[in-house]
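**Q** Dumping the structure here so I can ask a few things about it.
None of the figures in this text is laboratory data; all of them are computed from the coordinates on show. Bear in mind that the values here come from a model prediction, so they are computed numbers and not experimental data. As a convention, Cβ positions derive from the backbone with ideal geometry for all residues, glycine included, and neighbour counts pool all protein chains shown.
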Amino acid sequence: MAGEERGAPRLVLRGRELDLARPLVMGIVNVTPDSFSDGGRNLAPDVAVAHALRLVEEGADVLDVGGESTRPGSDPVPAEEELRRVLPVIAALSSRVAVPISIDTTKAEVAERAAAAGATMANDVSGLRFEPELADVARRRGMALVLMHSRGRPKDMQQSPSYADTVGEVIAELGEALERALARGVPREAVMVDPGIGFAKRPEDNLALLGAIPRLRAALGRPVLVGPSRKAFLGVVTGAPVERRLPGTLAAVAVAVYCGAEMVRVHDVAEARQAADVAAAIRAGRPAGGRGA
């Protein structure tokens, strides 16, 4: 695989094409009291904004702002509460950062209001299963749209996940999500896909999907986002508690990028930036930008 060119498809948001020649790092900004890893740390808007600005300084290419935890077992949050959490953060960031701001939501209303506040991407963990109307918002607002694979809802998704052919089934179901978006007029070049690491998956499913990114890219023809950061399957592999899963996260980031993922979603941006750049350089057989030995 070393020495291959990436040949990445285009990703366009609000008429702006993102440069996918280098792997992009999406920094996580959880404005929630109950996210599995950092719930409550950034609940106050000023704290969340300061955290997001630090992520940009560390090399984040995109900021993903979310006001509803989707960890296994979590309960849904009303749209009004989700908006109360995220809108002040997005509005403040939109005038202070040049990088795209993503809204992590499954709700069309939240995506609409977030777009008005400055978000240019929507990250839907349901792949339009919960509210297909979210695609209408993305089309109308010119937003990029991340379609993630999952089954069930966060409350019950990890109770008994089962696959006969993990990779084949995930590809098929992401293909259905892509068709839902296209049928509502979202341009193909505005869509990114995510295999949904940790969402209705057994540990072995997550590992299989990380190694199968070339198949996902080839089958779906869209850029791939991977979000392994601090997730439970890393604890199964290493025995490490959530607060000590950075090394495992970086290994997963490196594998994902080496296998062709165009974007990784992480809590620890500076470390992931290095891991992604090294993996990309190994894949290409040269440093980015042709830098010397």
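**Q** At 7 Å along the Cα-to-beta-carbon direction for both ALA240 and GLU80, put a label point, then send me their distance in nm to one decimal.
**A** In this crude spin-label approximation the distance works out to 4.2 nm.
**Q** Now a separate question. With +1 on the Cβ of every Lys and Arg and -1 on the Cβ of every Asp and Glu, and nothing else charged, how large is the dipole of the chain about its Cα centre, in debye rounded to the nearest 20?
**A** On the way: 37 positive and 38 negative charges, 100 e Å.
In total the dipole reaches around 480 debye.
**Q** Relative to the present Cα-Cα distance, how much length would full extension add between ALA172 and ARG188 at 0.36 nm per residue of separation?
**A** Gain on extension, ALA172 to ARG188, equals 4.1 nm.
**Q** 7 Å from Cα along Cα→Cβ at both ALA98 and GLU57: what's the point-to-point distance in nm?
**A** The answer from the label model is 1.8 nm.
**Q** With a/c under 1.5 counting as rounded, go ahead and sort region 79-214 into rounded, prolate or oblate using the C-alpha gyration tensor (a ≥ b ≥ c being the square roots of the eigenvalues; past the cut-off, prolate if a/b is larger than b/c, else oblate). Mind dumping the intermediate values first?
**A** Working: a/c = 1.97, a/b = 1.68, b/c = 1.17.
In terms of gyration-tensor shape, prolate.
**Q** Please label the shape of region 179-293 as rounded, prolate or oblate, based on the square roots a ≥ b ≥ c of the eigenvalues of the alpha-carbon gyration tensor (a/c under 1.5 means rounded; beyond that, a/b larger than b/c means prolate, else oblate). If you can, show how the numbers build up before the last one.
**A** Working: a/c = 1.99, a/b = 1.12, b/c = 1.78.
Because a/c hits 1.5 or more and a/b fails to exceed b/c, region 179-293 counts as oblate.
**Q** Would you list, by chain and number, the aspartates and glutamates whose Cα falls below 14 Å from the Cα of LYS155, excluding same-chain residues fewer than 8 positions away?
**A** Cross-link targets: ASP34, GLU68, ASP75.
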